[in-house]
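**Student:** Structure provided below as structure tokens; questions to follow.
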Number of protein chains: 4
Amino acid sequence: MTLTSPRKLDHIRITIDSNVSHDGASTLFEDVTLVYKALPEVSLNGVDASIEFLGKKLSAPIMVTGMTGGHAVAAKINCAIAKAVEELGLAMGVGSQRAALENPSLSYTFSVARKCAPSAVIIANIGAPQLVKGYGIEEIRKAVEMIGADAVAIHLNAAQEAFQPEGDTDYAGVIERIRDVASAIEKPVIVKETGHGIGLEAARLLRAAGVRIIDVAGAGGTSWIRVEQYRARAKGNEMLATAASTFSSTGIPTAQAVVEARWAAPDACIIASGGVRSGLDVAKAIALGADIAGVALPVINAYARGGEEAIRALLERLVTELRIAMFLSGSGSLAELRGADIVLGHRLLSIMKARGVEPELYLNGPRVLFKPGSGCSPV
Amino acid sequence: MTLTSPRKLDHIRITIDSNVSHDGASTLFEDVTLVYKALPEVSLNGVDASIEFLGKKLSAPIMVTGMTGGHAVAAKINCAIAKAVEELGLAMGVGSQRAALENPSLSYTFSVARKCAPSAVIIANIGAPQLVKGYGIEEIRKAVEMIGADAVAIHLNAAQEAFQPEGDTDYAGVIERIRDVASAIEKPVIVKETGHGIGLEAARLLRAAGVRIIDVAGAGGTSWIRVEQYRARAKGNEMLATAASTFSSTGIPTAQAVVEARWAAPDACIIASGGVRSGLDVAKAIALGADIAGVALPVINAYARGGEEAIRALLERLVTELRIAMFLSGSGSLAELRGADIVLGHRLLSIMKARGVEPELYLNGPRVLFKPGSGCSPV
Amino acid sequence: MTLTSPRKLDHIRITIDSNVSHDGASTLFEDVTLVYKALPEVSLNGVDASIEFLGKKLSAPIMVTGMTGGHAVAAKINCAIAKAVEELGLAMGVGSQRAALENPSLSYTFSVARKCAPSAVIIANIGAPQLVKGYGIEEIRKAVEMIGADAVAIHLNAAQEAFQPEGDTDYAGVIERIRDVASAIEKPVIVKETGHGIGLEAARLLRAAGVRIIDVAGAGGTSWIRVEQYRARAKGNEMLATAASTFSSTGIPTAQAVVEARWAAPDACIIASGGVRSGLDVAKAIALGADIAGVALPVINAYARGGEEAIRALLERLVTELRIAMFLSGSGSLAELRGADIVLGHRLLSIMKARGVEPELYLNGPRVLFKPGSGCSPV
Amino acid sequence: MTLTSPRKLDHIRITIDSNVSHDGASTLFEDVTLVYKALPEVSLNGVDASIEFLGKKLSAPIMVTGMTGGHAVAAKINCAIAKAVEELGLAMGVGSQRAALENPSLSYTFSVARKCAPSAVIIANIGAPQLVKGYGIEEIRKAVEMIGADAVAIHLNAAQEAFQPEGDTDYAGVIERIRDVASAIEKPVIVKETGHGIGLEAARLLRAAGVRIIDVAGAGGTSWIRVEQYRARAKGNEMLATAASTFSSTGIPTAQAVVEARWAAPDACIIASGGVRSGLDVAKAIALGADIAGVALPVINAYARGGEEAIRALLERLVTELRIAMFLSGSGSLAELRGADIVLGHRLLSIMKARGVEPELYLNGPRVLFKPGSGCSPV
Ligand SMILES: Cc1cc2nc3c(=O)[nH]c(=O)nc-3n(C[C@H](O)[C@H](O)[C@H](O)COP(=O)(O)O)c2cc1C
Ligand SMILES: Cc1cc2nc3c(=O)[nH]c(=O)nc-3n(C[C@H](O)[C@H](O)[C@H](O)COP(=O)(O)O)c2cc1C
Ligand SMILES: Cc1cc2nc3c(=O)[nH]c(=O)nc-3n(C[C@H](O)[C@H](O)[C@H](O)COP(=O)(O)O)c2cc1C
Ligand SMILES: Cc1cc2nc3c(=O)[nH]c(=O)nc-3n(C[C@H](O)[C@H](O)[C@H](O)COP(=O)(O)O)c2cc1C
């Protein structure tokens, strides 16, 4: 077994057993109000939440972002997720495929996703630091082929690695490697964070490097700093555990990240994830400028609670809530939801001001920056 | 018995037995301060709180908004309310008359209101979705005649219906049907919400459709989403119960709704309701631009506690508090109260800004938009 | 015994036994920060807190505002206060002298103040509603003579009277009567509130009526609405008790009242009272524009705890704290304290904006409106 | 033994045994967010946190500010701190040397620092009031020579002295004495507070007096007013104890003090201390404009817990956290950290506005005022 695998098991176990949600940060979705319309002028049944993503049609702009692979249990989880998204017309990603690239006998734990979801959107996954440490276009192609992926996600996780004694913390050349991959690979490249957020600056770098799909994975949901805090404590490394708790509020809240990524990359496809916990969160994310929303931790928790069944119930609830949110805000389609009236709270407004994002473009009036529908079929 | 009736009983029972107040939203009346005048230049006894409404004179701008009918208990409640408002010179509405229109033998449960209040303002009631599902001018006339109504209220409740499996969620044609009714019917038409609020956009649509009386019924008091949450849980529908709790803060707070409705419909008669719990709330609502205030849940709770007696005590307290609020703000009449000095808190101010309502017109100076007294006698 | 006396005893008892502080309002002094100076450029011993008031010199700008009289216990309290202020070089007022005017045998309960404080500033007291109900220049002269007063205070208490079944709530002609008194009487007239605050409008009316000394007695300390709430509850008047609790946050916070009164009456002598509980509060009040600060409830509580001794300890602490506050803000004199650097919090700033008071004139720079020292010797 | 010594022991004991942190004020570091960079473009190992200070190179901009001396225990503490900073390449100050100047047999309790840290930056210490009471250039030279100091710190503690019955509260001539010292002495002069903060005005005075190194020692960490509160209570001086608690929020929060000192003295070397509790605080201080950060109380607590070992672990954690903060904000050097993107919270922003500091110069764009590196080698 490789070095990677047991650590991944560690992670899954901790995220299921312990509270790994940000305790010092929130998504700031609570600072976003979708204005209620007493006269919505649509019918709930008539609401259309569908969107095209990577050349395929989703019934709703919801995906399960990459989490697992590399061991037997992971294979079961990946299949359960795959079956649910296949049935509901949603999308999914697999976890980092590094383990299988290092040890091909583990490939089945990823490819099972495609087997269980023959037609759904499925996304391959590889870590950014690996690109610096030698992975190239060849490994990425292997990862894509392994699962018949519709796109490949490169994940950034500087915040997490910084709190691992053995962490991969060389981010000096990452953006160049991403540019190389983006220009060489045949499939669309997604760059995603893992729970601490892609903001203005990173989104600008990524867009300039040719990346057209960004999953912000902001702060407010799973906190990898907190996961590492548990691990450090368990290993008796008090210094790292204390340091991790010092940084408990580090990260860009998801709502802020969506606004900033959209501001920095107006023509990109923006995926809002990190602490998305309801279809109302999904709706808020879209009204803020996202195209699609992603969810991770609740899906693994649902699996632990009740397998595929529970995953499907969770995703169905998200879709139902999104549709109700669209209805109650008078939005018959995602394009209308994107233009729906919102009220932003004080914290988000003052952050936007500090960051040079002009709130007027997000409030009271057409949000001209966004080109609805253009972003998410970049093939 | 019709489908409607047992559901209504359900509702009454839940509102009395459980806490059905918004837990995620407030009226924002706490963000409104009536400035205390150490030298009010009036006497408390000289304060005149009377207003003309629907051609009749009220001793104070307070009404009990529509709640019940359709079964024997409801008849008793309607009579108790009627006696109290008759005695005190206030106004009342009955609950949705759909049950009686479907089953005429239930008419007495509504008409009892007129019997017990021969001269008071009484308002008929019908649901907006019914208009789309076939009700027309004929049914509305029947509802009016059934109780000798002074006006008819059409209620909007999209938020509630969205959380009923059997919900009437077709709001596509509602505004056209309202326009039809408003132009054809002989009595004034009130359009009211039921606890989630009529804001800027709906008020504009309604005014353009010829409606001249709007009861905003905003968020902060009775939450129908919460009522449906109890019902869904009781029926084992966990998904809908969870979804309902997701939307626990949905709705336009009453203070905001009053400001927005007044802004959108300067010449309309605005009724402020939803979470009005004291005469001080009534006074604040009027200073914000409302003509009349309405109260529902506390009245049903008072009935449960002590019948007609308790209803009268409640309404008397509201009147006394309103008069004290007028005295302490130096307002000898409702017209003066409307121009009274107020200070708005941060949340309400920033919502107004986000919604394009100019706070300067509400603060420090004559609020020129409002034509005191013009709105509430539209006959 | 007159009607007035037992009610006054009631009041004293309640204020000592129960918590009668505003629970819905604060003074907003917590929104005022005196900027700390690491290099104060003065010595603590060199700080001069003295001021001339009504032609006499006070060692510090602190007075005990009027509270009692009319019964034997009151006489003891008045003497205890008098001895303490005589010794410390401060000022005091007596409570409403109505009881003694109605029943001259009670005069000694007031005149004892002058006996126990032969040279201190002592202020007579009469209620504004009495002026409307027939009191004239003659009664006021009697009140002044009764105690050899240096000035006479007319108190306003609309908020309190509104919650008494037997309340004097005719404020229609009060301002004219005050004008009459101010032009006819030989001694300076102070108009004071009793704990709910004199704001912009009342201060303007008073200044125009010839009043040159205003004691704002704002909200945040003793709440007379709360006192009446206890009394109503004790008498079984649930309606009035509930109404009183509805208005628990009514009143103009003292810090706001000082700013507004100073704004409205730049050349008046402003006394800041209502919730003044430390010498730091005194210092903040002066930095906001007051000339003198007053304290009431803590003095009566000190008496209950330890008689004259405790009153003196309390007042000594206030003086010490004021001097420390002057030292730490680098203010060698009250004139310098008035120009000391302050930072205002959000709530006070937004209230000032709403009320048309320009914060710039209170922050960063000379506060030109104030003419230090001019106000408080208006004889 | 001198008068000074037992009081110092008192202080050490209280700070270790009781909670002496400000309870009414915070550093406001919680109002400063270093923006997370998902693509930091540096490697954690490549981060360079070194800085030149007083002609020597520090591995990180962290010092232990002066605390102790004057008795046997203090000698042990000074040596333990000295060993830790020598090993880690940091700096330290000793406590007030007054005791040794008064009683030369105590010199060893200070000079031990140089013995235990032959090459580290060590700073001498003397109180400002002593300068007024007769100390001159000669005593300061003695203090410097006693420990082979690289600089001498003059501490200001008006807030503390004001709450001592025996306090030295003559600050009238302090700034002149500091000017004299600064122009005469051969070593650089640091002026420092002791936990209540040097703000705009004091920083301006100091810079004009020729001081080029300012340690703001702001509010939010150790509160000397609180220490004196314990002492007064222990001695039965209730009046002073109560007065001290009245002033529990007095002082300029450290984040504010850094901003103000930098604003007032753009070319000075600014040391940020007072409540610095993590390397993230250090990083925030530097992003706000400080050059170096100082820590006191946690070091004495660490000593009490585990001697030199614990001090080293504490300081190592601070360095590690600082480096992580630099990495996660994309800062390869302190100069880059100083220009790192930050978001300021509402309180700090409104204080800056009230104090005439322009937030634009601290947000979104190069902070031109700061000349990185210029300030801290003023020899
Ligand atoms: C158990 C677990 C494992 C994860 N593994 C990966 C991974 O291998 N690759 C990746 O890109 N993100 C991974 N993530 C991050 C998620 O994709 C997602 O960005 C993050 O958890 C925030 O979303 P959430 O708050 O909904 O959990 C993982 C998350 C969890 C909870
Ligand atoms: C038990 C109950 C039944 C109600 N039934 C009706 C109804 O039939 N028709 C209607 O227009 N509103 C109905 N309402 C809504 C009220 O008229 C009112 O708009 C809403 O409750 C908000 O006011 P509140 O916070 O004072 O209760 C009902 C409210 C309650 C509490
Ligand atoms: C027991 C008591 C009796 C009072 N009686 C009078 C009075 O007779 N006349 C008057 O002008 N104010 C009276 N006051 C009001 C005080 O003068 C003062 O304005 C008010 O209490 C607010 O100050 P405080 O918060 O320091 O108590 C009385 C206050 C108290 C506590
Ligand atoms: C026990 C103790 C003793 C101190 N003694 C001195 C001193 O003698 N001279 C001095 O300049 N500062 C002294 N200080 C103040 C510190 O240098 C520092 O400015 C202050 O404690 C704020 O930092 P902190 O919050 O990290 O403790 C002392 C602090 C403590 C905790």
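The values are calculated or read from the model by the stated rules, or taken from the named source; none is laboratory data. These figures come from a predicted structure and were not determined experimentally. Cβ placement follows ideal geometry from the backbone for every residue including glycine, while neighbour counts extend to all protein chains displayed. In case anyone asks, the SASA skips ligands and DNA or RNA and just uses the protein heavy atoms, side chains included. Shrake-Rupley method; radii C 1.70, N 1.55, O 1.52, S 1.80 Å.
**Student:** Can you list the trypsin sites (Lys or Arg not before Pro) in the stretch D:173-230 that are in a DSSP coil and have 11 or fewer other beta carbons within 10 angstrom? All intermediate terms of the calculation are to be shown ahead of the outcome.
**Tutor:** Values: sites: D:ARG177, D:ARG179, D:LYS192, D:ARG204, D:ARG207, D:ARG212, D:ARG226; in loops: D:ARG212.
Sites meeting the loop and neighbour criteria: none at all.
**Student:** Okay, moving on. With +1 on each Lys and Arg Cβ and -1 on each Asp and Glu Cβ, and nothing else charged, work out how big the dipole of the stretch D:82-133 is about its Cα centre, in Debye to the nearest 20.
**Tutor:** Numbers: 5 positive and 3 negative charges, 24 e Å.
Dipole size: approximately 120 debye.
**Student:** Pop out the carbon and sulfur fraction of the accessible area of the stretch A:105-190 as a percent, whole number, probe 1.4 Å.
**Tutor:** 51 percent
**Student:** Now for a separate question. Mind listing which GluC sites (Glu not before Pro) in the stretch D:96-200 are in a DSSP loop and have 11 or fewer other Cβ atoms within 10 Å?
**Tutor:** Passing sites in the stretch D:96-200 are D:GLU166, D:GLU186.
**Student:** Angle between the Cα long axis of helix C:4-17 and the longest principal axis of chain C, 0 to 90 degrees, nearest 10?
**Tutor:** It works out to around 50 degrees.
**Student:** Please list, short to long, the whole-number percent of alpha-carbon pairs of the stretch D:216-304 in consecutive 5 angstrom bins beginning at zero.
**Tutor:** With 5 Å bins starting at 0, P(r) equals 3, 15, 20, 17, 15, 13, 9, 5, 2, 0.
**Student:** Given the options D:VAL85, D:VAL20, D:VAL42, state which has the largest fluctuation in a GNM of chain D using a 10 Å cut-off (strictly under) for Cα springs.
**Tutor:** So, out of D:VAL85, D:VAL20, D:VAL42, the one fluctuating most is D:VAL42.
**Student:** Rounded to the nearest 100 Å², what is the sum over both chains of accessible area buried where A meets B, with a probe of 1.4 Å?
**Tutor:** Using a 1.4 Å probe on protein heavy atoms, the buried area is about 2500 Å².
**Student:** If you don't mind, there's one more thing I want to ask. Label-to-label distances across copies for D:ARG141, with labels 7 Å out along Cα→Cβ, in nm, shortest first?
**Tutor:** Those separations, rounded to one decimal, come out as 8.0, 8.0, 11.3 nm.
**Student:** For the protein assembly as shown, with only Lys/Arg (+1) and Asp/Glu (-1) charged at the beta-carbon, what is the dipole magnitude about the Cα centre, in debye rounded to 20?
**Tutor:** That gives the protein assembly as shown a dipole magnitude of about 840 debye.
**Student:** D:LEU9 label point, 7 Å along Cα→Cβ, cut-off 18 Å on backbone N: hits in the stretch D:38-78?
**Tutor:** It comes to D:68-78, nothing else.
**Student:** Among D:LEU361, D:VAL35, D:SER331, which residue has its Cα furthest toward the positive end of the charge dipole of chain D, with +1 on Lys/Arg Cβ and -1 on Asp/Glu Cβ?
**Tutor:** Looking along the dipole axis, the top candidate is D:SER331.
**Student:** When chain A is modelled as a GNM with alpha-carbon springs shorter than 10 Å, which of A:ILE292, A:ILE342, A:ILE271 fluctuates the most?
**Tutor:** A:ILE342
**Student:** Still on this structure, please answer the following. So for the stretch C:194-269, taking the charge dipole from beta-carbon charges (+1 Lys/Arg, -1 Asp/Glu), which of C:ALA232, C:ALA208, C:THR242 sits furthest toward the positive end?
**Tutor:** My answer, from the dipole projection, is C:ALA232.
**Student:** Here is a follow-up. Considering only protein heavy atoms, what per residue accessible area in square angstrom results for chain C with a 1.4 angstrom probe?
**Tutor:** Here the residues of chain C average 32 Å² of exposed surface.
**Student:** Select from the stretch B:89-145 those trypsin sites (Lys or Arg not before Pro) which occupy a DSSP coil region and have at most 15 other Cβ atoms within 10 Å, ordered by residue number.
**Tutor:** Hits after loop and neighbour filter: B:LYS133.
**Student:** For the stretch D:242-298 and the stretch C:97-168, write down the distance between their C-alpha centroids in whole Å.
**Tutor:** Using only Cα atoms, the two centres lie 54 Å from each other.
**Student:** 7 Å along Cα→Cβ for the label point: how many nanometres lie between C:GLU360 and each equivalent label in the other copies, listed shortest first?
**Tutor:** 1.5, 1.6, 2.2
**Student:** Eigenvalues of the Cα gyration tensor times 5, then square-rooted: what semi-axes does that give for the stretch B:1-101, in whole angstrom, largest first?
**Tutor:** 34, 21, 11
**Student:** Right, something else. Go through the stretch A:178-194 residue by residue and turn each phi into a ³J(HN,Hα) via Karplus (6.51, -1.76, 1.60, θ = phi - 60°); whole Hz please, and just put x for glycine and proline.
**Tutor:** Rounded to whole hertz, the list is 5, 4, 4, 4, 4, 7, 9, 7, 7, 9, x, 9, 9, 10, 10, 8, 10.
**Student:** Over the protein assembly as shown, how many percent of alpha carbon pairs lie in each 20 Å bin up to the one with the longest distance?
**Tutor:** Taking all Cα pairs of the protein assembly as shown, the binned fractions are 9, 29, 33, 24, 4, 0 percent.
**Student:** I've got another one for you. For D:LYS235, place a label point 7 Å out from Cα along the Cα→Cβ vector, do the same in each other copy, and report the separations in nm, one decimal, smallest first.
**Tutor:** 5.3, 5.3, 7.5
**Student:** Pick out, from D:VAL174, D:LEU131, D:PRO104, the residue whose Cα sits farthest towards the positive end of the charge dipole of the stretch D:54-203, with +1 on the Cβ of Lys and Arg and -1 on the Cβ of Asp and Glu.
**Tutor:** Projecting each Cα onto the dipole axis, the largest value belongs to D:PRO104.
**Student:** Angle between the Cα long axis of helix D:72-88 and the longest principal axis of chain D, 0 to 90 degrees, nearest 10?
**Tutor:** Around 20 degrees separate the two axes.
**Student:** I would also like to ask the following. Points 7 angstrom from Cα along the Cβ direction at D:LYS57 and A:LYS57: gap in nanometres?
**Tutor:** For D:LYS57 paired with A:LYS57, the spin-label model returns 6.7 nm.
**Student:** Considering amide H positions built from the backbone, and no H for Pro or chain starts, which residues 5 or more places from D:SER96, or on another chain, come under 5 Å of its amide H?
**Tutor:** none
**Student:** Let me ask another. Considering only chain C, pick the residue with its Cβ nearest the axis of the rotation onto chain A, and state the distance in whole Å.
**Tutor:** C:HIS346, 5
**Student:** Treating the angle as unsigned and between 0 and 90°, give the value, to the nearest 10°, between the Cα long axis of helix A:224-234 and the longest Cα principal axis of chain A.
**Tutor:** Long axis of A:224-234 versus the principal axis of chain A: about 40 degrees.
**Student:** Express in nm, to one decimal, how much length is gained between D:GLU316 and D:SER105 on full extension, taking 0.36 nm for each residue of separation and deducting their alpha carbon distance. Intermediate results must be reported in sequence, preceding the final value.
**Tutor:** Details: separation 211, 0.36 × 211 = 75.96 nm, distance 3.42 nm.
In short, 72.5 nm is gained.
**Student:** Kindly provide the Kirkwood hydrodynamic radius of the stretch D:25-79 in Å, to one decimal, from all pairs of distinct alpha carbon atoms. Don't jump to the answer; show the numbers that get you there.
**Tutor:** Working: mean 1/r = 0.0639 Å⁻¹.
It is 15.6 Å.
**Student:** At a 1.4 Å probe, what is the % contribution of carbon and sulfur to the accessible area of the stretch B:1-91?
**Tutor:** Details: 1690 of 3330 Å².
Answer for the stretch B:1-91 is 51 percent, counting heavy atoms of protein chains only.
**Student:** Counting just the Cα atoms, what span does chain A cover along each of its three principal axes? Round to the nearest Å and put the largest first.
**Tutor:** 60, 44, 42
**Student:** Could you give the dipole magnitude of the stretch B:135-234 about its Cα centre, charging the beta-carbon of Lys and Arg +1 and that of Asp and Glu -1, in debye to the nearest 20?
**Tutor:** Computed about the Cα centre, the dipole is about 280 debye.
**Student:** Cα atoms only: what Rg and Dmax, in Å, come out for the stretch C:67-171?
**Tutor:** Both quantities, over Cα of the stretch C:67-171: 13.7, 42 Å.
**Student:** Between B:ASN19 and A:MET239, what is the label-point separation in nm under the 7 Å Cα-to-beta-carbon projection?
**Tutor:** 4.9 nm
**Student:** So, one more: Going by amide H atoms built from the backbone, whose H comes under 5 Å of the H on A:VAL32, apart from near neighbours?
**Tutor:** Hits under the 5 Å cutoff: A:GLY345.
**Student:** For a quick check: with amide H placed at 1.01 Å from N, whose amide H comes under 5 Å from C:SER43's, ignoring anything fewer than 5 positions away on the same chain?
**Tutor:** D:TYR171, D:ALA172
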